[in-house]
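Colleague: Sharing a structure here in structure tokens format.
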Amino acid sequence: MNGFRSMGCDVAMADGAPCDGVRALFDARNRRFSRFLDSSELNRVNASPRGLTLVSEEFASMLSLSLDAARATDGLVTPTVGGALIAAGYDRDFSRLPLDGVAVGPARVPSFHLITRRGIAVLRREPMILDLNGVVKGQTVDDALELLGDGWVSAGGDVATTVPLVVELPGGDTITLEGGGLATSSSAKRTWQRGGARQHHLIDPATGLPSTTPWRDVTVAARSCSVADVAAKAAFLLGTAGLSWLDERRLAGRFVDQAGKVIVTERWRQAIPERLAA
């Protein structure tokens, strides 16, 4: 494999795959959409959290994808969670987060319906801090694979491929992904404490706090990494209802609870038989 780090994770491709263009794509997206770079366009937009703002075409396109995701998930995966992430203590790059701090409370998550986009004009009818990371990484994985034309791309375990690829799953099992995308939402690694209470980055918009879902990991396979990524986040946040939510959409899902027990949807059982990793 060859690869690099970007967006706070390891990005990998097959040996021999041209890396430079993919790296430039990831780094450009990170510079534009990172909450942790003062110079990012996202932070420029959030500096004026209400009213009319003109943005770049790429920002407008990614915001449109975020709003599509919000509509598809009834507001579960929404670009309006930025303020709640900051309130939970996720206010800097994860590698620099203090292990603990003062106790935190909920932050209201505004409705995505309060955002209107017309071309490069974005209107927010209520103060809100945007965070587009619900779609940025998955879409960038898909775009990187399109740039390569063939092969596979993985970023922090989220994958898009045009060739059969053995992928390790949470808990140590593996599957062979014949094509399309695979993504996992997890509260296992990106955690911290505030006031001695465990926090994570998957915010429940209904409470404005990190989700209290029973799941530790949710993995979804779909036609693309971006679709899989949004669905995995939604299924994670839905708790036990996440299984039926995926079944209704004919998406294959694998759930791992806090004790390590694995539960899969019927679609996963039929389409993606697992085998133990060697």
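Colleague: Grab the eigenvalues of the alpha-carbon gyration tensor for the chain, scale each by 5, take roots, and send me the semi-axes largest first in whole angstrom.
Modeller: 28, 23, 18
Colleague: I want to verify the translational diffusion coefficient of region 167-278 in µm²/s; compute it with Stokes-Einstein, Rh as the Kirkwood radius over Cα pairs, at 4 °C and 1.567 mPa s.
Modeller: The calculation lands on 91 µm²/s.
Colleague: A further question on this structure: Let's see if you can work this out: charge +1 on each Lys and Arg Cβ, -1 on each Asp and Glu Cβ, no other charges. What is the dipole magnitude of the chain about its Cα centre, in debye to the nearest 20?
Modeller: Result for the chain is approximately 840 debye, rounded to the nearest 20.
Colleague: How big is the charge dipole of region 1-156 about its Cα centre, in debye rounded to the nearest 20, if each Lys and Arg gets +1 on its Cβ and each Asp and Glu gets -1 on its Cβ?
Modeller: 720
Colleague: Something else now. Below 8 Å, C-alpha to C-alpha, sequence gap of six or more: please give me the relative contact order for region 77-147 in percent.
Modeller: After rounding, I find 41 percent.
Colleague: Ok, one more. Taking the solvent-accessible surface of protein heavy atoms with a 1.4 Å probe, what is the per residue accessible area of region 114-172 in Å²?
Modeller: 40
Colleague: Just need the relative contact order of the chain here, percent rounded to a whole number, with Cα pairs under 8 Å and 6+ apart.
Modeller: Normalised by residue count, the contact order of the chain is 17 percent.
Colleague: While we're here: Place +1 on the Cβ of every Lys and Arg and -1 on the Cβ of every Asp and Glu in the chain, take the dipole about the Cα centre, and give the residue among Ala252, Asn43, Thr265 whose Cα lies farthest towards its positive end.
Modeller: Of Ala252, Asn43, Thr265, it is Asn43.
Colleague: Hey, what's the Cα Rg ratio for region 107-159 versus the globular rule of thumb, 2.2 N^0.38 Å?
Modeller: In units of the globular-protein estimate, region 107-159 measures up at 1.58.
Colleague: To continue, here is another question. For region 1-146, what is the largest minus smallest coordinate of the Cα atoms on each principal axis, given in angstrom and ordered from greatest to least?
Modeller: Projected onto the principal axes, the Cα atoms of region 1-146 cover 48, 42, 29 Å.
Colleague: Then there is this: Loop-only trypsin sites (Lys or Arg not before Pro) in region 121-175, please: DSSP not H, G, I, E or B, and at most 16 other Cβ atoms within 10 Å.
Modeller: For trypsin sites (Lys or Arg not before Pro) across region 121-175 that sit outside H, G, I, E and B with at most 16 neighbouring Cβ atoms in 10 Å, the list reads Arg125.
Colleague: Next question, about the same structure. Using a simple spin-label model with points 7 Å from Cα along the Cα→Cβ vector, what separation in nm is obtained for Gln258 and Asp68?
Modeller: Each label point lies 7 Å from its Cα, and together they span 3.6 nm.
Colleague: Next up: Please compute, over every Cα-Cα pair in region 1-50, the percentage with a separation greater than 14 angstrom.
Modeller: Every Cα pair in region 1-50 considered, those over 14 Å come to 56 percent.
Colleague: Which of these, Gln199, Gln258, Gln139, has the largest mean-square fluctuation under a Gaussian network model of the chain (Cα springs below 10 Å)?
Modeller: Most flexible of the set in this elastic network: Gln258.
Colleague: Something else now. For the full complex of protein chains and a 1.4 angstrom probe, list Asp158, Asp93 by accessible area with the highest value first.
Modeller: Result of the area sort, largest leading: Asp93, Asp158.
The values are calculated or read from the model by the stated rules, or taken from the named source; none is laboratory data. Small disclaimer: the values here were computed from a predicted structure and weren't measured. Don't worry about glycine lacking a Cβ; one is built from the backbone with ideal geometry, like all the others, and counts go over all protein chains shown. Remember, those area values only see protein heavy atoms, side chains included, never the ligands or the DNA or RNA. Shrake-Rupley method; radii C 1.70, N 1.55, O 1.52, S 1.80 Å.
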